[in-house]
Amino acid sequence: SQQGEEDPQALSIQEGENATMNCSYKTSINNLQWYRQNSGRGLVHLILIRSNEREKHSGRLRVTLDTSKKSSSLLITASRAADTASYFCLGGGSNYKLTFGKGTLLTVNP
Amino acid sequence: DTEVTQTPKHLVMGMTNKKSLKCEQHMGHRAMYWYKQKAKKPPELMFVYSYEKLSINESVPSRFSPECPNSSLLNLHLHALQPEDSALYLCASSPQGIVTEKLFFGSGTQLSVL
């Protein structure tokens, strides 16, 4: 399976803390994307990191990619209650199977 | 317009009904996708249209029938569904065919099959 797998599957933190979630994948990718989904809604693209990049930042988001370990991590700094959502990774590229990882449910408590 | 619009937002249907889900985007995207998502699970890919041709069918039962009448519109025709088909159905699009760098999602149709 080319499916990514996130861990932890659920994470509960206090507002202001940092949240880290990880994704592993099994085949080669051209890029790794992270998405957020609020309950019962569509997914929103957060950030993309290419296979030749190791780290990327966007606002409070920091994503890393280790192609040798076939893994990526998403760090959300200074979390807010509004960050409460499910987070999914997706391997991208023309030959990738468009399969999302299992997801991490993040709960940020006020 | 940077939205993917799905209608209806909610749908309840019986097992003998025929209904359709509709998805529309006016961003000029050339690939459109149907995903199915059960509660607390990731979205599962069902179909992909690239340049208005069906490119991927993930062995979906024939009671689901996709249609892409033009580059802006994607339909999913439903017939003789089962209760286990109840789920959130998500439509997505991407700019350059299936070379995926970013998927744009609609808000979904919550389907209940009675």
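Taking each residue of segment B:40-61 that is more than 9 Å from chain A (Cβ to nearest Cβ) and looking for partners that are among the charged types (D, E, K, R) with beta-carbon atoms closer than 7 Å, six or more apart or interchain, yields B:Met46/B:Lys36; B:Met46/B:Glu58; B:Ser50/B:Arg30; B:Tyr51/B:Arg30.
Scanning segment A:20-43 for residues that are of a type outside the set (Val, Ile, Thr), in a strand (DSSP E or B) and open to solvent by 40 Å² or more (accessible area, probe 1.4 Å) yields A:Asn22, A:Ser24, A:Arg36.
Which residues, counting only those in segment B:87-114, are in contact with a Ser or Thr (Cβ under 6 Å, 6 or more places away or on another chain), buried (at least 23 other Cβ atoms within 10 Å of the Cβ) and more than 10 Å from every other protein chain (Cβ to nearest Cβ)? Listed by number, the list holds a single entry, B:Tyr89.
Contact annotation: residue pairs with Cβ atoms under 7 Å, 6 or more positions apart or on different chains, pairing a residue in segment A:92-110 that is at pLDDT 95 or above with a partner that is basic (Lys, Arg), are A:Val108/A:Arg80.
Check segment B:37-52 and report whether any residue there is surrounded by 14 or more Cβ atoms within 10 Å (Cβ to Cβ) and β-branched (Val, Ile, Thr). Yes, the conditions are met somewhere in segment B:37-52.
Of the listed requirements (1) open to solvent by 40 Å² or more (accessible area, probe 1.4 Å); (2) touching a residue at least 12 places away in the same chain (Cβ under 8 Å); (3) more than 26 Å from B:Glu58 (Cβ to Cβ), A:His57 misses just one: (2).
When A:Leu65, A:Leu75, A:Leu11, A:Leu46 are screened for being surrounded by 21 or more Cβ atoms within 10 Å (Cβ to Cβ) and either assigned to a strand (DSSP E or B) or within 10 Å of chain B (Cβ to nearest Cβ) (or both), only A:Leu65 passes. Among B:Ser59, B:Ser112, which is the only one that is more than 18 Å from A:Gln37 (Cα to Cα), more than 12 Å from the chain's Cα centre (by Cα) and part of a strand (DSSP E or B)? One residue alone meets the criteria, B:Ser112.
For segment A:78-92, a residue qualifies if it is open to solvent by 10 Å² or more (accessible area, probe 1.4 Å) and of a type outside the set (Asp, Glu), and the qualifying residues are A:Ala78, A:Arg80, A:Ala81, A:Ala82, A:Thr84, A:Ser86. The set of residues in segment A:93-110 that are more than 14 Å from chain B (Cβ to nearest Cβ) and either crowded, with 17+ Cβ neighbours inside 10 Å or β-branched (Val, Ile, Thr) (or both) contains only A:Val108. Residue count for segment A:21-45 satisfying the condition of being modelled with pLDDT under 90 and among the β-branched types (Val, Ile, Thr): 2. Checking every residue in segment B:65-74 against the condition of being within 14 Å of chain A (Cβ to nearest Cβ), outside any strand (DSSP E or B) and open to solvent by 40 Å² or more (accessible area, probe 1.4 Å) gives zero matches.
For B:Glu84, state whether it is part of a strand (DSSP E or B), open to solvent by 20 Å² or more (accessible area, probe 1.4 Å) and acidic (Asp, Glu). Criteria not met by B:Glu84. Entry remark, segment B:1-21: residues being more than 14 Å from every other protein chain (Cβ to nearest Cβ) and open to solvent by 100 Å² or more (accessible area, probe 1.4 Å) number 3 in total.
The values are calculated or read from the model by the stated rules, or taken from the named source; none is laboratory data. All of these numbers come straight from a predicted model, not from anything done at the bench. Note that each Cβ is placed from the backbone with ideal geometry, even for glycine, and that neighbours are counted across all protein chains shown. Side chains included, ligands, DNA and RNA excluded: accessible areas come from the protein's heavy atoms. Shrake-Rupley method; radii C 1.70, N 1.55, O 1.52, S 1.80 Å.
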